[in-house]
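Every read-out reported here was derived from the displayed coordinates using simple, explicitly stated rules and does not represent laboratory data. These numbers come from a predicted model, not from an experiment. Here the Cβ is made from the backbone with ideal geometry for all residues, glycine too, and neighbour counts use every protein chain on show.
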Amino acid sequence: MSATAVDDDLWSAIGDPTRRTMIDLLLREGNGTATSLSERLPVTRQAVSKHLAVLDRVGLVHASPAGRERHFQVDEAQLARAVAQLAAVGDAWDARLRRIKRLAEQIQQTQNTQNTNEGE
Amino acid sequence: MTTQSREHGPIVRDIRIDASPEVVFEVVSRPEHVREWWPDDAGFESVAGALGELVWRNTETGETTTVLMSVVEVDAPRLFSFRWCFQEPDRGGDSLLVTFELIPDDGGTLLRMTETGWREMGWEIAVLEEHYQDHIDGWNHYIPQLGAYVARLVATP
């Protein structure tokens with residue numbers, strides 16, 4: 001699997017609103033189980049388990065067996081990586097807009113120079 | 001730390017440009033300019049409803065990636081918008097809507113860019129661009145090329 005494919009999975013894992021809410025809950029409470037999370041969310045325990053499996057697969061959460069249920073924790077390093085990638089989208093637009101600015105100002109300056117020359 | 005809202009809210013960016021709205025409008029809406037600040041190639045008519053494409057080229061392998069787009073609204077020199085990153089073939093399904101609004105500002109232009117839509121796809125494109133990066137960091141590469149087509153633009157009424 002290429003680095004890009006891994007990143008795509010990471011992105012789509014965190015792109016789902018329910019999964020983001022689950023990550024928020026896990027961060028706030030330190031850890032949680034499929035049962036404890038489903039009590040806080042408008043989805044079934046089975047749905048929560050599926051979401052946890054997606055998050056686990058991309059390394060955003062880790063499970064530790066404790067008692068009868070698996071307890072999940074957020075992997076903060078992996079989360080930080082995902083958040084940095086979200087920020088990259090905005091950065092890409094910043095770079096494009098800077099290029100638009102420079103391009104437009106170059107054109108304007110050239111036009112001004114031409115007009116000045118024509119006026120002489 | 002919250003993970004919500006950032007990627008699903010619109011991206012909004014304002015930038016002040018020392019050029020008239022007419023000039024800025026040309027730069028954001030005409031493919032011959034768009035390919036200077038964004039993809040390696042851009043083909044579309046600057047007409048509402050026009051279908052076009054953006055092309056990225058890997059300079060090492062020659063491999064190209066084409067992303068479909070469609071022009072939504074053209075109102076010179078005030079507003080230009082288009083959709084891209086369609087999820088389904090033939091420009092179907094969700095997409096990202098990019099809107100450029102131009103506001104005259106004391107001889108210059110306040111340009112506002114808003115991108116709304118399916119953020120996940122937007123990020124995939126960000127990754128694509130990173131892989132076809134040359135033009136991002138390579139602005140200086142384009143400066144020498146500016147003269148020729150600026151002259152062409154100025155010659156156009």
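The mean number of partner chain beta-carbon atoms within 10 angstrom of a residue's beta-carbon across peptide B:11-19 is 5. Rounded to the nearest 20, the Cβ-based charge dipole of segment A:3-78 about its Cα centre (Lys and Arg +1, Asp and Glu -1) stands at 340 debye.
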